[in-house]
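Below you'll find the structure, written out as structure tokens, and then a few comments.
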Amino acid sequence: MVRERRAARESRRAREFEAFVAGAGGRLLHAATLLTGEPRGDTAAAERLLTTALARTYARWDRLRGEDPYDHTRRALAALFAHRSHRYRRPRGGLLARLTPQERLVLVLRLYEGIAEEQTAAALGLPVERVRAVCTRAVTAMRSAARRRDATGTSPSTGRRATTGTAKVAP
Amino acid sequence: MSFPDRKETEVRRMMELEGPHPALPPDLAGRAAERGHRILLRHRALRTIGWLLLLAAVVAFAVWAAIVEPWTAPPPTDTTPPLEGW
């Protein structure tokens with residue numbers, strides 16, 4: 001009786017979890033790729049990070065109590081990345097590769113995920129002023145990098161080609 | 001309260017227009033579910049061990065109390081030594 005109920009719960013959890021990953025996995029993997037600073041097409045570290053975060057969400061699935069599994073996974077992802085950020089210092093050629101791990105984390109949470117400054121600060125355990133300062137610095141760095149890219153001959157609309165170009169110069 | 005900033009919007013566009021989301025490996029959900037399941041089993045095992053330890057402690061105390069019956073010992077009477085030499 002107890003065993004049957006547990007089996008039913010497990011199969012329901014597996015089904016719901018699979019549907020959740022099918023729906024939100026792409027966006028989460030994109031966020032993870034921005035965090036690790038990997039180029040498109042080589043997302044091995046981001047996949048590892050996301051798998052660990054998703055495993056935590058799966059373990060928590062029955063006790064989420066109405067909390068959005070996407071929010072939970074994103075929080076796990078941010079915490080894991082903050083904990084292991086020293087591994088991602090080396091530039092890997094992705095869009096945010098020039099930034100420090102902390103700048104990437106703040107930029108992804110604040111701008112890519114659109115989380116408010118206060119909540120970002122609370123999630124990272126930093127003062128709000130610090131989050132604002134890091135965000136401003138990262139935005140300035142990204143814009144000046146984009147301007148440099150544009151100045152080297154490619155138009156803004158084909159900025160992606162320029163990114164792969166710089167990646168080739170510094171592998 | 002923050003308001004949408006032109007520069008921030010520009011960088012957000014850069015991140016969003018990087019292209020479509022990267023392709024999810026087909027087995028990623030399965031691997032994550034398997035690891036999550038192992039986490040659950042580990043938590044369950046730890047909880048069981050904790051309950052068993054608590055049960056063992058309660059049984060041990062009950063047996064000790066039943067054998068020694070500490071409440072039947074007479075209360076100590078002469079706790080203070082007699083005061084002399086004043």
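FYI, it's all coordinate maths here, none of it is from the lab. Just so you know, these numbers come straight off a predicted model, no measurement behind them. No Cβ is skipped: glycine too gets one built from the backbone with ideal geometry, and neighbour counts run over all protein chains shown.
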Query raised in the report: Taking a quarter of the surface of the convex hull around the Cα atoms of the protein assembly as shown, what do you get in nm²?
Result: 27.1 nm²
Report summary line: Sorting B:L52, B:L40, B:P26 by the position of each Cα along the dipole of chain B (Lys, Arg +1; Asp, Glu -1; all at Cβ), the one nearest the positive end of that ordering is B:P26
Query raised in the report: What is the projected area of the convex hull of the Cα atoms of chain B, averaged over all directions, in nm²?
Result: 19.4 nm²
Query raised in the report: Of B:P76, A:P69, B:M14, whose Cα points farthest to the positive end of the dipole of the protein assembly as shown (charges on the beta-carbon: +1 Lys, Arg; -1 Asp, Glu; origin at the Cα centre)?
Result: B:M14
Query raised in the report: Once the piece of chain linking B:W71 and B:A56 is laid out straight, how much longer is it, given 0.36 nm per residue of separation minus the C-alpha distance between them?
Result: 3.2 nm
Report summary line: With Cα springs under 10 Å, the Gaussian network model of chain A assigns the largest mean-square fluctuation among A:E16, A:E113, A:E38 to A:E16
Query - Within a Gaussian network of chain B (alpha carbon springs, distance under 10 Å), most fluctuating of B:G36, B:G19, B:G50 - result: B:G19
Query - Exposure proxy order (Cβ contacts within 10 Å, fewest to most) of B:W71, A:W61, B:W51, B:W86 - result: B:W86, B:W71, B:W51, A:W61
Query raised in the report: Using alpha-carbon pairs under 8 Å, 6+ residues apart, how would you state the relative contact order of chain A in percent?
Result: 20 percent
Query raised in the report: Given only helices, namely DSSP H runs of n ≥ 4 each adding -39500 (n - 2.57), what is the per-residue ellipticity at 222 nm of chain B, to the nearest 500 deg cm²/dmol?
Result: -21500 deg cm²/dmol
**Report entry** On Cα atoms only, tilt of A:44-60 relative to the major axis of chain A in degrees
**Finding:** 30 degrees
Query raised in the report: Just A:L49, A:L80, A:L95 to compare: in a GNM of chain A, with alpha carbon springs under 10 Å, which one fluctuates most?
Result: A:L80
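Per residue, what volume in Å³ does the convex hull of the Cα atoms of the stretch A:52-148 enclose?
Measuring per residue, one finds 103 Å³ for the Cα hull of the stretch A:52-148.
Evaluate peptide B:37-48: per residue, the Cβ atoms of other protein chains within 10 Å of its Cβ; return the mean as an integer.
Per residue, the average neighbour count from other chains is 2.
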Query raised in the report: What is the helix-to-structure angle for B:28-68, meaning the angle in degrees between its Cα long axis and the longest Cα principal axis of chain B, kept from 0 to 90 and rounded to the nearest 10?
Result: 10 degrees
Query raised in the report: For chain B, which GluC sites (Glu not before Pro) are in a loop by DSSP, counting at most 11 other Cβ atoms within 10 Å?
Result: B:E84
Query - Electrostatic dipole magnitude of the protein assembly as shown [Cβ: Lys, Arg +1; Asp, Glu -1; Cα centre; debye, to 20] - result: 1440 debye
Requested in this report: Run the quick spin-label model on A:E10 and A:L64: label points 7 Å from Cα toward the beta carbon, then report their separation in nm to one decimal.
Outcome: 2.0 nm
Query - Around A:G94: net Lys/Arg minus Asp/Glu count, Cβ-Cβ under 11 Å - result: +1
Query raised in the report: So what's the back-of-envelope 222 nm ellipticity for chain A, counting only DSSP H runs of four-plus at -39500 (n - 2.57) apiece and dividing by all residues, rounded to 500?
Result: -23000 deg cm²/dmol
Requested in this report: Using the Cα centre as the reference, give the magnitude of the dipole from point charges on the C-beta atoms of the stretch B:28-86 (Lys, Arg: +1; Asp, Glu: -1; all else neutral), rounded to the nearest 20 debye.
Outcome: 1040 debye
Report task. Any chance you could check the Cα centroid distance between the stretch A:1-78 and the stretch A:117-133 for me, in angstrom? Result -> 25 Å
